1. Which shape class, rounded, prolate or oblate, goes with the stretch B:28-97 when its Cα gyration tensor gives a ≥ b ≥ c as root eigenvalues, a/c under 1.5 marks rounded, and past that a/b bigger than b/c marks prolate?
2. In 10 Å bins starting at 0, how do the alpha-carbon pair distances of the stretch B:1-55 split up by percent?
3. Might you report the magnitude of the Cβ-based charge dipole of the stretch B:1-138 about its Cα centre, with Lys and Arg at +1 and Asp and Glu at -1, to the nearest 20 debye?
4. Is the shape of the stretch B:118-255 rounded, prolate or oblate, going by the alpha carbon gyration tensor and its root eigenvalues a ≥ b ≥ c, with a/c under 1.5 for rounded and a/b larger than b/c for prolate?
5. For B:155-161, what's the mean count of beta carbons from other chains sitting within 10 Å of each residue's beta carbon?
6. On the Cα set of the protein assembly as shown, report Rg and Dmax in Å, please.
7. Which of B:365, B:321, B:89 ends up with the largest GNM mean-square fluctuation for chain B, with Cα atoms connected below 10 Å?
8. Taking the Cα centroid of the stretch B:196-243 and of the stretch B:3-46, what is the distance between the two, rounded to the nearest whole Å?
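The values are calculated or read from the model by the stated rules, or taken from the named source; none is laboratory data. Please read these numbers as outputs of a predicted model, since none were measured by experiment. Virtual Cβ from ideal backbone geometry, glycine too; neighbours counted across all protein chains shown. Accessible surface is based on the protein model in full, side chains and every heavy atom, while ligands, DNA and RNA are left aside. Shrake-Rupley method; radii C 1.70, N 1.55, O 1.52, S 1.80 Å.
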Amino acid sequence: MSADKKFNFAKSYADLEKIVVWFEKENIDLEDGIKKFEEGAKLVSDLKKYLDTMENKIKELKK
Amino acid sequence: MLVVLSVSQFIEQINGIIAGEFVVEGEVSQYKVSQGKWIFFDLKDERAVVNCFATVFSLNTPLEDGMKIKVIGYPKIYERSGRFSLTVQKVELVGDGSLKKAYLLLKKKLEEEGLFNKERKRQLIELPSKIGVIASRDSAAFGDFVRILNNRWKGVEIDICNVAVQGEKAVTEICEAFNFFNTQETGCEIIVLIRGGGSLEDLAAFNDEATVRAVYGSKIPVVCGVGHERDESLCDFAADVRASTPSNAAEIVVPDKADFITTLDFSLGRIYSSLENKIIKERRRIEQFWHAISSILESPLQKCYNLLAEFERLPNLLQSQLSIYRVFVQSASVLFKNIDPKNVLQRGYSLARDGAGKIIRRASQLDVNEEFVVEFYEGQVIARTIEKEVKKSNQNQLL
């Protein structure tokens, strides 16, 4: 995961939020629901992995 | 012999003599602004007073009567009015009282102008990937900010713009830093302006109009964390979010990792239970369907079952009917036995029939010399009437 530079944390989190909102609907489609649940579970696991492997980077700007 | 001078020459000479920069400390009185451009006030002490003149653009600090200030300026006699005054280049506030007054004056002015309006405060991005920090790199404030940030969150980039946070250069450097973040494509999603605590004088740069306007004008949302819990600066009010301390600024810009993970698990739990609910609902729906279908199917089936049961009861019904018949037949046979003429003949009676076989009940039915048959229990004879005696017998009557 740490090697995967393409992982966009904010986007993944936004995607997860979208899924949560989708599940708030009155009538969800079961098949889509299962698909989305799997997506959600993967996003959660990716987000956690990301947080475990990342560090904060500090850079001083040269003016 | 003294040279006679014209008034203009005199004033010119005097102005030449007194030319130079002076720093004069005193109290402001008779402060007034003319035509929105020119500022006139008196600077005085217990014994003396001097007129001061400034332009609105050159005066960096708002003034009010009673404030103690140092004026840096040069003395001059104005040709037109002949008035002597100190032309102000710069003003420095003296003592906390003056600073406080200037602070309140500027606060009021900027407030009226709408720089602190709540409506213009922007929401911060929830999960920033890059943060710009304007601070003194070696300050405790920046150290605290980074420490708290690292404790809370991982994966964020911080661009620090090292600036002086007090002294002469502070305002310019802070304004330049804002300009830098807003014009260069640094990709910073939040700007954090931080400084540790200090006196009102130490925090002067954060109460300077230029700095406050730089905060206000930033296209990137600004979090301002200056001083201690109780300190306030005008930059705080102009910022989108006010942090009480530099550490608090870190708490504001990033979530806590543990909390975040709890939120993630909670989100997953929520979508899981939503899915589970859906499955339960679907199962119930299927059960209801099945119930409906089976009841539709069951109703003709039930009819068949009922019919079958009725049918199965039939033999019993017949059986009982049969026994009724049997009893009837038995009693009937007894009855029949009793009235069988054969039985009567056995008892010794005989039966007379005419030629046509009809039973003869009365002697009148026979003519004399007429043949008739007499039937016994066993056998019969043909007889002829010799004589007849027609008389109603009691027995006949009984029959």
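1. Numbers: a/c = 1.68, a/b = 1.25, b/c = 1.34.
Oblate is the answer for the stretch B:28-97, as a/c is 1.5 or above yet b/c matches or exceeds a/b.
2. Result returned by the calculation: 19, 33, 34, 13, 2.
3. Working: 21 positive and 18 negative charges, 105 e Å.
Here the size comes out at about 500 debye.
4. Working: a/c = 1.38, a/b = 1.20, b/c = 1.15.
Because its axes are fairly even, with a/c under 1.5, the stretch B:118-255 counts as rounded.
5. 6
6. For the protein assembly as shown, the Cα radius of gyration and maximum Cα-Cα distance read 62.4, 229 Å.
7. Among B:365, B:321, B:89, the largest mean-square fluctuation in the Gaussian network model of chain B belongs to B:365.
8. If you average the Cα positions of each part, the centres end up 36 Å apart.
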